[in-house]
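**Q** Sharing a structure here in structure tokens format.
The values are calculated or read from the model by the stated rules, or taken from the named source; none is laboratory data. Everything numeric in this text was worked out from a predicted model, so none of it was measured. Because the Cβ atoms are built from the backbone with ideal geometry, glycine has one as well, and the counts that use them run over all protein chains shown.
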Amino acid sequence: MTILSERIARPTAAPSRALQYLPATAFAVDAVLMAVSCLVAVLGRKYLDIFEAPGDLSANVGVMVPFVIVGWLATTSAFGSYAADVFGAGTDEYKRILNASVFAAGVVGVTCYLFSYQLSRGFFLLTFAVGSALLILGRLAIRRAVQSARLRGGLLQRVVIVGGPGHVDEIAAVLRRERHLGYQVTGAFVPAGSPGHHTPSGIPVLGDASDPAAVSAAEDLDVLFFTGGSSRNARDLRRILWELEQRSVQLVMAPSITDMASDRVKIRPVGGLPLVHLEAPRWAQASRWAKRTFDLVGSSLLIVLFSPLILLAALRVKLHDGGAVFFRQTRVGKDGERFACLKFRTMVVDAEAMVAELQQEQGVDALLFKLKDDPRITRPGKWLRRYSVDELPQLFNVFLGHMSLVGPRPQVPREVELYDDAMSRRLRVRPGMTGLWQVSGRNDLSVEDSIRLDLYYVDNWSMLQDLNILMKTIGAVFASRGAY
């Protein structure tokens, strides 16, 4: 609460005018990348030996390249890829780019067929294959630049939230946590009778949420969030929309739903009423044969790949103090089943006996007990932990079916005994060697954030998310973020 209050207390930044140039910037970047893909296609068609009859395209390049680029840009624009609300977050931007590229390729192919134009197949395939990849990479680069600027305090949008104090603070907490979205909460409208001039987290109260005239007259905002408890009806909402249409203020409906993957939410208008359909949690799908097959094959390949490193780590641990190479600890897995979790030993031999004493000295709770400067860690243990080499033996746990490559972290029994009903949902899937907690900061995260990420994974599981986490884990391990 204090952090958010301090953030609100600081003067709010003026909205960056650069935001309005994002669509034009993306358009220019796309045009350049499309031209590059055409050039690559011309050179590839001419010099690569993979085509049956490499030839000279100079005779018709002057006609085809402008036609392809203009048509591709027009299709990309028609698919909404330059709309202001697609930049910065979500996968919709990439989906539109891919769909537009496929459609543009179809248009070019059909047009050449109808007009009996002899277009080189090599040029056609290379242009759209290379171009689609370049466009995705270009949008990714733009997104990284935008998010980096937002983390530094630029490209921000001023947000006013309308709703009950509790709902306002809940939405504000999400916006504060997801800083890359660029939303800066500057105030709130709450129902009349709410105590104080600030919400419990310190957001200034600007007026009565049930007064549409006051809400629509609010100044110094770029986005107006409506959430639960705002006491509005459809007529008042329409009036506010009409009042704001000339002010370039975005209106966002934020239902009291958090930690829900976008592909689990579907909006279906019925009789002019937009109904929000929520898909059931997906934890059951994470236990099916596809994920288990992926774990079995993946762990087998990784054991073979990392076998030299595993042998080197085992040798270093053994030579340091002559103690056991592996540390076996009872952990709780899927459905509460206990198993022996393997790790390279990174602590002194009597480390477990020192836990209670360290908890009392540090005043640390038993749940997710971690110390940044733990005196029990040995010299080789520091290196093993820094690059997560100590966890490589868990590949054998994955192979045996105790764990998964991706999932919530396995907890010890004394930690599981502290679980409430919500936290116990973590036990519905196999624990993982890596997960959202690791790619989001690992031990630098608070207990609450670690639990939230694990529950998000359980409820929103997908194979694509697993692959994404595995890719991000590589960067997190080499950067050693939050590893101790």
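**Q** Regarding VAL297, is this residue under 28 Å from the mean Cα position of the chain (by Cα) and of a type outside the set (Phe, Trp, Tyr)? Give the derivation first.
**A** Values: under 28 Å from the mean Cα position of the chain (by Cα): yes; of a type outside the set (Phe, Trp, Tyr): yes.
Spelling it out, VAL297 is indeed under 28 Å from the mean Cα position of the chain (by Cα) and of a type outside the set (Phe, Trp, Tyr).
**Q** Any chance you could count how many residues in region 241-267 are without any contact (Cβ under 8 Å) to a residue 24 or more places away in the chain and under 23 Å from ARG452 (Cβ atoms)?
**A** 2
**Q** Could you say which residue among ALA129, ALA133 is farther than 16 Å from LEU22 by Cα, surrounded by 15 or more Cβ atoms within 10 Å (Cβ to Cβ), in the same structural domain as GLY44 (by TED's automatic domain parsing) and out of contact with any helix residue (DSSP H, G or I) (no Cβ under 8 Å at 6 or more places or on another chain)?
**A** Numbers: ALA133 fails: surrounded by 15 or more Cβ atoms within 10 Å (Cβ to Cβ).
Result of the check over ALA129, ALA133: ALA129.
**Q** Oh, and also: When you go through (1) touching a residue at least 24 places away in the same chain (Cβ under 8 Å); (2) assigned to a helix (DSSP H, G or I); (3) closer than 23 Å to LEU302 by Cα one by one for ARG452, which number turns out not to apply?
**A** Here ARG452 meets the rest and fails (3).
**Q** Since ILE203 meets every condition but one in (1) at positive phi; (2) surrounded by 22 or more Cβ atoms within 10 Å (Cβ to Cβ), which condition does it not meet?
**A** Checking ILE203 against (1) at positive phi; (2) surrounded by 22 or more Cβ atoms within 10 Å (Cβ to Cβ), the one that fails is (1).
**Q** Quick one: is SER201 at pLDDT 85 or above, among the hydroxyl-bearing types (Ser, Thr, Tyr) and not in a strand (DSSP E or B)?
**A** Details: at pLDDT 85 or above: yes; among the hydroxyl-bearing types (Ser, Thr, Tyr): yes; not in a strand (DSSP E or B): yes.
Spelling it out, SER201 is indeed at pLDDT 85 or above, among the hydroxyl-bearing types (Ser, Thr, Tyr) and not in a strand (DSSP E or B).
**Q** Anything in region 310-336 that is free of Cβ contacts under 8 Å to residues at least 40 places away in the same chain and more than 17 Å from TRP383 (Cα to Cα)? List them, or say none.
**A** Passing the criteria: GLY322, GLY323, ALA324, ARG328.
**Q** So, in region 283-329, exactly how many residues are of a type outside the set (D, E, K, R), surrounded by fewer than 12 Cβ atoms within 10 Å (Cβ to Cβ) and not in a helix (DSSP H, G or I)?
**A** Count: 1.
**Q** Answer yes or no: is there a residue in region 146-163 that is out of contact with any His (no Cβ under 6 Å at 6 or more places or on another chain), assigned to a helix (DSSP H, G or I) and either surrounded by 14 or more Cβ atoms within 10 Å (Cβ to Cβ) or basic (Lys, Arg) (or both).
**A** yes
**Q** Test VAL185 against the stated conditions and say whether it is of a type outside the set (Gly, Ala, Ser) and over 16 Å from ILE257 (Cβ atoms). Break it down into steps so the answer makes sense when it comes.
**A** Details: of a type outside the set (Gly, Ala, Ser): yes; over 16 Å from ILE257 (Cβ atoms): yes.
The answer is yes for VAL185.
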